[in-house]
4 protein chains.
Amino acid sequence: MLKVGLLGAGRIGQVHAVNIAAHAGSTLVAVSDVNAEAAQAVAVKYGAKAAASEDIIADPEIDAVLIATSTDTHSELMEKATAAGKAVLCEKPVDLSLERAKVCLAAVSKTGQPVMVGFNRRFDPNFGALRAAALAGEIGKPELLSVTSFDPAPPPVSYIKVSGGLFRDMMIHDFDMANFLMGEAPVAVRAVGSSIVDPEIGAAGDVDTAVVTLSYADGRIAVIKNSRRAVYGYDQRVELLGSEGLLNAANMLENTVSKSTVAGVSSAKPTYFFLERYMPAYAAEWDAFVRALVEGRPMPVTLEDGVAALAMAEAATRSAKTGEAVDLAQF
Amino acid sequence: MLKVGLLGAGRIGQVHAVNIAAHAGSTLVAVSDVNAEAAQAVAVKYGAKAAASEDIIADPEIDAVLIATSTDTHSELMEKATAAGKAVLCEKPVDLSLERAKVCLAAVSKTGQPVMVGFNRRFDPNFGALRAAALAGEIGKPELLSVTSFDPAPPPVSYIKVSGGLFRDMMIHDFDMANFLMGEAPVAVRAVGSSIVDPEIGAAGDVDTAVVTLSYADGRIAVIKNSRRAVYGYDQRVELLGSEGLLNAANMLENTVSKSTVAGVSSAKPTYFFLERYMPAYAAEWDAFVRALVEGRPMPVTLEDGVAALAMAEAATRSAKTGEAVDLAQF
Amino acid sequence: MLKVGLLGAGRIGQVHAVNIAAHAGSTLVAVSDVNAEAAQAVAVKYGAKAAASEDIIADPEIDAVLIATSTDTHSELMEKATAAGKAVLCEKPVDLSLERAKVCLAAVSKTGQPVMVGFNRRFDPNFGALRAAALAGEIGKPELLSVTSFDPAPPPVSYIKVSGGLFRDMMIHDFDMANFLMGEAPVAVRAVGSSIVDPEIGAAGDVDTAVVTLSYADGRIAVIKNSRRAVYGYDQRVELLGSEGLLNAANMLENTVSKSTVAGVSSAKPTYFFLERYMPAYAAEWDAFVRALVEGRPMPVTLEDGVAALAMAEAATRSAKTGEAVDLAQF
Amino acid sequence: MLKVGLLGAGRIGQVHAVNIAAHAGSTLVAVSDVNAEAAQAVAVKYGAKAAASEDIIADPEIDAVLIATSTDTHSELMEKATAAGKAVLCEKPVDLSLERAKVCLAAVSKTGQPVMVGFNRRFDPNFGALRAAALAGEIGKPELLSVTSFDPAPPPVSYIKVSGGLFRDMMIHDFDMANFLMGEAPVAVRAVGSSIVDPEIGAAGDVDTAVVTLSYADGRIAVIKNSRRAVYGYDQRVELLGSEGLLNAANMLENTVSKSTVAGVSSAKPTYFFLERYMPAYAAEWDAFVRALVEGRPMPVTLEDGVAALAMAEAATRSAKTGEAVDLAQF
C-alpha cells in the first residue's frame, strides 16, 4: 500500500485526494496547503493528517508525494521531494521558466527518483483509443494532426497576468498531446494569436485565441487551435490524418438525448470543463503512476516530457510576437 | 427509346413526368388528367400531347403507361392498358379493395404484360443499402425488424374518409417494406391503433397512430410504427437485428450543419416529406422499370407484391378493430 | 451517517457495496451471503463485518438493508427487515410470483417502513434527461413510446429455467421504464415472442425475442422490444413521440473515436452490459435512497412500482401464450 | 430563355451542360472543345450545335457563355466573350498568373459585361446554411474559422506539374471559402507545406499537404488544411467559432445506414469526390447565374473574388517557400 502525501489541497488537489484514497494500492496519509483550513478539511475527510509540506517531504513513512501546489513552487518541491527519496507526481506545468525547469530536471535526474508530470489528457480513454489505433497502424502513416482545445470561458485577467500566457498555461496540454501522438518533438513552431475574446487579455500582454503550426523533420504537420471561450462547453477534439485513413476523437456529451421539434434537432452540449471531462482521466493517471511504481516500470509521462512541452510553449510565445517561424532546436 | 403515356398529371404525376423525360431511355409522348388544364401544362412542358386516357391506352405508338390517377381507377386502368399490350407502372395502392385487386391481378396476369407497382421506398438508397448488407449476411440471420414511419402532418379529414384508412393508405408502404426486407409474408398480424393525434380522425372511423406486429413462420418478428404527425418532418427509419449485428437506416437531414451554443447543440431536421426524401427514389424506380423492360427481366416490384401488401393492410384493419391476432392465410 | 447492512455479496451486491461505502451519507457495516467467503471478502474490503442475514436484520445499530440476494428470497427478507424497523432497498424483481409480491406489499405497508425497489434505469442520466424534457412539455403531449432493450448475450439455459421467463426477468425493467415515462399503467398488454436466438430457450418454455404493445386509457401506445442477443453490446434506447416533437435517448458508447478508411467509417460499440452502462445509475440510485431517507421524502421507486411491473410481466406472459390481448385490470 | 454557348466539353463541361439544359430559364445552343468529337457528343445529346469557340463568341444569337476550358485559356476567353457582349460564367481559377488575371479583370471591367467565377462551393447547401446562420448572428461575432479540404487521391504528377501548385489549384477554393465566410480578405498569410503523400510531388516542386493560417485586421484568424489524399473520400468540412457558439458543416455521406457488430459500429463514407458532393451545388450555381442575369442583379461571385483568391494563393505559395508570414497588401 503506497503511502501518499498530497501537497496542495485546492480544486485539483481535491480531485487527486479522491483518487489516492479510492485506489486499492494507495492511501492518503498527509495533506499540506498554504491555506491550513483547506488542508485540514481534506485530511479529515480521508483520515489523513494535515501537515507542512516540509514535514511531509521529510516523513520517512511517506512513499510518494503528489504536487498540486501553485506552479511557481513545482520545481523546488520536486527537487526537495526527490532528494528526500520520494516518488513524485507533479501537476503541469513543470515551471513557467524553461530555464528553471531544466535546472529542476538536472537535479531530479541525479536523485534517480521516479517523477511523473500530470498531463492528464494522455489518460483520457478517447485520446488513448485514438493513439492505440494509430500505433496499431490502422490509418497507415500519420501525416497531419489537428488538435482543437477550447475552454468554456476565460479565467479572470488577474489570473492571466500570472499564468505565463496562453501558450504556457493552456496550450501546453496540446503541445504534450502533439508529442504524445506524433511520438517526437517538431522541428519548427509557427504561432498566430490575438486577443479577440477579451481586449483586457490583450492589454495584459496575452492572447486568447491562437493557432500554432508544428513542422516535423519528416514532413508531418500538426496544427493546434486554442480559444479561451467556447460558450457551449469544453471543446476537446483530436483528428489525425494518415496515409490510410483518419482518426477522430469527438467530445464527450452531457447525455445521449436528442430532441426533434419544428425548431430542429437538439442534443446535449459537451461536458462543461476539465473536471467533468477528465475526471476518469485523473483516476487513470493516478492508477498509471501507482502501477509504474509498483511494477518498477518507467513513468508513463516523464519530467523530460514536461520540459519538452514547455520548450514548445516558449517557442510559440516567441513566434506569436515576432511573426516568424521559430526553430525548436535552439531551446 | 421507350414511348410513355402518363395517366394522371397531379403532384405525383408531375414527379414521374420529370423522370420519364430526363431518362436516357424513355420519352414522354402523352399525358391525360381529369383536369384538362393540368394535362395540358405537363404536356407542353415536355413536348408531349394531352389526350384522353382511353386514347393513350389505344395508341399503338405508345409502349408503356404510368398510372398516377386516383386509387379507385387503378385496377381498371391496369386491366385496360395490359389488355392493349402496354407495359405498366402503377402507383400504389393497387386498390382499396383486396377483392378487386385480386380480380385485377388475375386479369392482368392473363395478358402476360409486365406490370410494376410503385413502392418507391424500395428504391431509396438507404433502404437499398440496408437490404444489400442483410442479404450479404453482414448481420447473420435477421430476427427482428423495426420500421418507423411518421408523416409530418395528417391529411385533411376529408381525405382520410376516402383513403381506405391508415393501414391501406399509409402503412401499406411499410407492409411492403417488411416484405421487401424479410423476403416473405408474415403468418399473423396484430394491430393496435388510436386517434390520439386528432379525434376528428377517430370520428371518421380511422386511426392516426398505430403499432403493428408481424409474426413469421420461422419465429422472426417485425414491428411497424405509424403516426400521422411528426412535427419535425418525415420520419422514415428501418432497423434490422440479426444474429450477428444490427443494421440501421437513419433519416436524411436537410443539411449537415450543427450549431453549438449555451442552449445546446442543434442540427437540421429530417427532409420534410416524401417529395423531398424520396425524389432520388422515384428516379431510381423509373430507371428500374425501364431497365427491366429493356433487358426483358422480371419487374422489381410485381402486382403480386401490391396485392400482398394490401392483404396485410386488410388484416391489420381487422386486428385493430377486434383486438385479436389475425391469421394472414385467410386473405 | 446511515448504517447499512448488505444482504447478498454477489456481482450486483458488490456494486452496491462500493456505492454504500463511497457515499458521504452512508457506511457499510455488515454483509451476508449464502457463500460465507464472498461475504467475508466484501466485509474486509470495506471495513464491515460478515454476518448472517438474520443477525443483520436484528441488529439495532443498522438503519437500512440493501437486499441483493436471489429473487426467491426478496419478499421474505423485505417483510422481515421492515418488521424489524429497517429501511429497505431491494433489487428487482420483487418476486417471480405476483401473488406473493402482493402479500409482501401488504405486509410491508403495515410496517410503515420506507421500501425502494431497485429499478436502476430510472437513475440513468440519459433516461432521466428524456423524462425531464417530456415532463417540461418540450414535446407537447406524449403519444407513442418505444423502448429498445437488448442484452449482449443470452444467459445459460439453466438460468433461463429459474428466471421466471423473459417478461419477468428481463422486460420487467422495460415495463417499469414505460410506467416511469408514461406516468401510469396501461390498460391492455399484447405480446409476441419467439425463441429464434436459441431453440434451447424455447425448449425450456421461454422466449428470447419479444415485442410487447401497451395500450393506455387515453389512446397512447407503447411498444417494447427485447432480444436476449445483440452481439454488439447492450442496446438500451428509448424514444418518445409527442404532439410537438420526438425525444430520443441513444446508447452510451465505449469512446468517441471514429475511424474513416476505404472500408467506411467505424466507431465504438455501446458499452458492453449493465455494469458498464448503468454504473453511474447504481450510484445515483443509492444516493436517491439515502436522500429520501434523510429528508423524509417518499421513496423515488416504491414497492407498488415493483408490483405494477410484475403484473405487466404476468399479463405479457399470458398474452404471448394465448396470442390475445390481456386486460391489465384483472391482475 | 437564355441562349448559352458552352466552351469546353470535358468532365466539368458536361456537368454544366446538364444544368444548362435542365434549367427552366436557359437552353444550350452551342458547344466547343479542342476535341471535336467531345463537343459533338455533348451537342447531339442536348440538341445543340458543335462549333468553334470563336464562332460561339461571335454568334449574336448567343446571350451567355460558360467557360470550362483549360485554365490557361480562361483570361483570353473572358476578355473576348465580354468584348463580344456576352455574359460569362468562368470556371475557377481565373488564371494561374495573378498578373494576367488582373489584366483580364481590367479588360473585362471596361466592357461592363456581367462575369461570374465558378466557385461552386459557395452554392453547397451545407456551407450556405452555415453562412446564413453566421450572418444571422446565431453564434455572435465570428472569431476563428477552420476549413478542412482533403481530396480522395492525388492527381497524376503530370497534372501537378502544370497545375500552378496546390495553393493555386486546390486551396484556391478554400481561400474563396474563407473570403465568403469572413466577408473580407485577410491581412497576412502563413503557409506550411510538405510532400509527405508522394515524394514525386515534392520532386515536381509542389506540396501535397499544407496548413495555411490567415490573420485578419480585427484579430480574427482562419486556418485551412489541405491534403491531396484522404482515402476515405472527399473531406469537405467547415467550422466557425464565434463569441456565442460554434457552427460546423460536416461531410455528406453516401447513405445513412450504420451497422453494429462485434467489430464495432460502421457507417458510410463521405461522398467520393467533387462530382458526387457538389452536384447540387453546380446546379444551384447555374441557377444563381441565370437569376442574377434575368433580374439584373450583381453576380453572386465576381471576377474580383477570383482575383482575390488568386492573390492569397500567390501569398501562400511564397510563404511556404520562405517560411515567413506574407503581407497580402503587397499583391
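The values are calculated or read from the model by the stated rules, or taken from the named source; none is laboratory data. Please read all numbers here as calculations on a predicted model, not as lab measurements. For neighbour counting, all protein chains shown are included, and Cβ atoms are generated from backbone atoms with ideal geometry for every residue, glycine included. For accessibility, only protein heavy atoms count, side chains too; no ligands or nucleic acids. Shrake-Rupley method; radii C 1.70, N 1.55, O 1.52, S 1.80 Å.
Results, tabulated for the structure shown:
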| quantity | calculated |
| --- | --- |
| Amide H partners (placed H, <5 Å) of residue B:301, local residues excluded | B:117 |
| Net charge contributed by nearby residues that have their C-beta within less than 9 Å of residue B:3 (K/R +1, D/E -1) | -3 |
| Helix B:11-22 axis, angle to chain B major axis (alpha carbon atoms, nearest 10°) | 60 degrees |
| Size of the C/A contact, given as accessible area buried on both chains, probe 1.4 Å, in Å² | 1600 Å² |
| Backbone N within the range D:289-331 under 12 Å of label point (7 Å from residue D:217 Cα along the Cβ vector) | D:329 |
| Teacher prompt: residue C:296 distances to equivalent labels in other copies, 7 Å Cα→Cβ, nm | 6.2, 8.2, 9.1 |
| Modelled label reach - residue B:22, point 7 Å along Cα→Cβ, the range D:247-277 residues with backbone N closer than 20 Å | D:252-256, D:271-277 |
| Using a 7 Å Cα-to-Cβ projection, residue B:109 label spacings across copies, nm, ascending | 6.2, 7.7, 9.0 |
| The range B:243-259 - phi-based ³J(HN,Hα) in whole Hz, Karplus 6.51/-1.76/1.60, Gly and Pro as x | 5, 10, x, 10, 10, 9, 10, 8, 5, 7, 9, 5, 7, 9, 7, 10, 10 |
| Cα long-axis angle, helix B:36-46 against chain B (0 to 90 degrees, to the nearest 10) | 90 degrees |
| Too-long pairs where the Cα-Cα distance tops 23 Å, listed order kept, from B:49/B:161; C:225/C:269; A:3/A:49; A:86/A:161; B:161/B:321 | B:49/B:161; A:86/A:161 |
| Solvent-accessible area, 1.4 Å probe, carbon plus sulfur percent, for the protein assembly as shown | 55 percent |
| Long-range amide H partners of residue C:49 with built H, under 5 Å | C:30, C:31 |
| For the range B:2-113: accessible area per residue (Å², 1.4 Å) | 43 Å² |
| Qualifying GluC sites (Glu not before Pro) for the range B:32-120 [loop in DSSP, other Cβ within 10 Å: at most 13] | B:61 |
| Shape category assigned to the protein assembly as shown from the gyration tensor of Cα positions, a/c cut at 1.5 | oblate |
| Axis proximity, chain C to D: residue whose C-beta lies nearest, plus whole-Å distance | C:266, 2 |
| GNM top mover of A:249, A:136, A:308 - chain A, alpha-carbon springs below 10 Å | A:136 |
| Beta bridge orientation in the protein assembly as shown: antiparallel %, DSSP, nearest 5 | 60 percent |
| DSSP-assigned coil residues among trypsin sites (Lys or Arg not before Pro) in the range C:45-105, each with at most 12 further Cβ atoms within 10 Å | none |
| Dipole axis of chain D (+1 Lys, Arg; -1 Asp, Glu on Cβ), positive-most option in D:231, D:213, D:26 | D:231 |
| Computed helical MRE - 222 nm, chain B, DSSP H runs ≥ 4 contributing -39500 (n - 2.57), nearest 500 | -11500 deg cm²/dmol |
| Label-point separation, residue A:297 to residue D:70 (7 Å along Cα→Cβ), nm | 6.0 nm |
| Simple Cβ-charge dipole of the range C:1-130, Lys/Arg +1 and Asp/Glu -1, about Cα centre, in debye nearest 20 | 360 debye |
| 3J(HN,Hα) from dihedral phi, the range C:164-177, Karplus parametrisation 6.51/-1.76/1.60, rounded to Hz, x for glycine, proline | x, x, 3, 5, 7, 8, 10, 6, 4, 4, 6, 4, 5, 4 |
| Exam field: residue A:72 pseudo-label spacings to other copies (7 Å along Cα-Cβ), nanometres | 6.7, 7.1, 9.1 |
| Phi to ³J(HN,Hα) by Karplus 6.51 cos²θ - 1.76 cosθ + 1.60 over the range A:283-300, Hz, x for Gly, Pro | 5, 5, 4, 5, 4, 5, 5, 4, 4, 4, 4, 5, 8, x, 9, x, 4, x |
| Shielding of C:132-145 by partner chains, average beta-carbon count, 10 Å | 3 |
| DSSP bridge orientation in chain A - percent antiparallel, rounded to nearest 5 | 55 percent |
| Helix axis angle, C:303-322 relative to chain C longest principal axis, alpha carbon, degrees | 40 degrees |
| Taking only Cα atoms of the range D:216-303, radius of gyration then Dmax in Å | 18.3, 60 |
| DSSP-assigned coil residues among chymotrypsin sites (Phe, Trp or Tyr not before Pro) in the range C:221-306, each with at most 14 further Cβ atoms within 10 Å | C:272, C:273 |
| Relative contact order [Cα under 8 Å, 6+ residues apart], chain A, whole percent | 19 percent |
| Cβ neighbours within 10 Å from other chains - mean over D:119-126 | 2 |
| Computed over the range B:2-113, the ratio Rg/Rh where both radii use C-alpha atoms and Rh is Kirkwood | 0.96 |
